[in-house]
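For reference, the structure discussed in these notes is given below.
No value in this document is a laboratory result; all are computed from the given coordinates. Remember, it's a predicted structure, so these values are computed and weren't measured experimentally. Because the Cβ atoms are built from the backbone with ideal geometry, glycine has one as well, and the counts that use them run over all protein chains shown.
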Amino acid sequence: MNISIVIPVFNEETNLDALISRCLESCSKINKPFEIILIDDGSADSSRIKIEEAAKKYPGKIVGVFLNRNYGQHAAVMAGFETSSGDVVITLDADLQNPPEEIPKLVEKMEEGFDVVGTIRKDRQDSLFRKLSSYLTNKIVQKYTGIMMHDYGCMLRAYKRNIIEAMLSCKEHSFFIPILANSFAKTTSEINVNHEKRLSGDSKYSFFKLINLYFDLLTSMSTLPLRFLTFLGTIISLFGIGFGCFLFLMRIIKGSAWAVGGVFTIFALLFILVGLQFIGMGLLGEYIGRIYNDVRSRPRYFIEKVIKDKSS
């Protein structure tokens, strides 16, 4: 069994030296052939230089993949998948919040025959907002997929080669790798792993990037938002019909003078309906925009260069 470790890197110069040394040490304990694939996702710092140096210093162990610009974490991971050759592929963040020392645990669990092995972060060292948003995301994904994994937001995961090949065959641009993998997996499992504070640097997921990620997650796995709008529109229409009948009856009973007092209520309902229409148009636009991107069939990323020992 060959092992590939796929690590997307974006402006992580302060963590790379420790990341590489800890990954090499951890993988050497597995007693299996391995490669560590570092994907530079258009970094603006010296991450690219450090990856190049490591790939030359550790030929056959470190592989450097360089994208021509920043495409985002999931696209970078897919570029790593394309370059990988392992029977088992493990993904890992470069910020060291998920310790590389947990890699042998994933390999051991994969040897039991699972297609995908996820992880659950113990004593998670993140902000309250990140924890709450992850909790909601996990509940939504569990409800939709029926696969009761508890931490879809953790990058530290392991995949069989056939699952990697299935994901690479998918051409959509808006995707969420853990969900995409589980859609092909026959058997899945989870293990508990440690979680550490970020030693240096900042998180690459700002508030707006997280919102965009959740949009990708929700729209890539279902048409549930559109169905919800249909249901909501039906409820509001029925309410509008009932409210119209009420106004008509009260006008007959109380006279025309009473109806004038309801003008502002009608305006308020009108604004609510207009707001809902704009929300509906926005959601439709999200789906149409994603369809447009997929129909154009442009590459999700462009690999500028790969540094790899050809003899390995």
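Structure note, pairs K61/K109; K29/K109; K171/K308; K32/K186; K56/K105: Cα-Cα distances above 19 angstrom occur for K61/K109; K171/K308; K32/K186; K56/K105. Remark on I37: its backbone amide H falls under 5 Å from those of I5, V6, I7, V63, a criterion applied only to residues 5 or more positions apart or on other chains, H modelled at 1.01 Å from N. Simple spin-label estimate for D123 and K171 gives 4.9 nm between the two label positions (7 Å along the Cα-to-Cβ direction from each Cα).
A Förster radius of 22 Å combined with the Cβ-Cβ distance from S21 to S46 puts the calculated FRET efficiency at roughly 0.85. Taking θ as phi - 60° and the Karplus parameters 6.51, -1.76 and 1.60, the scalar couplings of the stretch 38-44 work out to 9, 9, 7, 8, x, 4, 9 Hz in sequence order, x denoting glycine and proline.
Name the aspartates and glutamates eligible as straight-distance cross-link partners of K50: C-alpha to C-alpha under 12 Å, and not fewer than 8 places from it in the same chain. Hits, sequence-local ones excluded: E12, E13, D17, D40.
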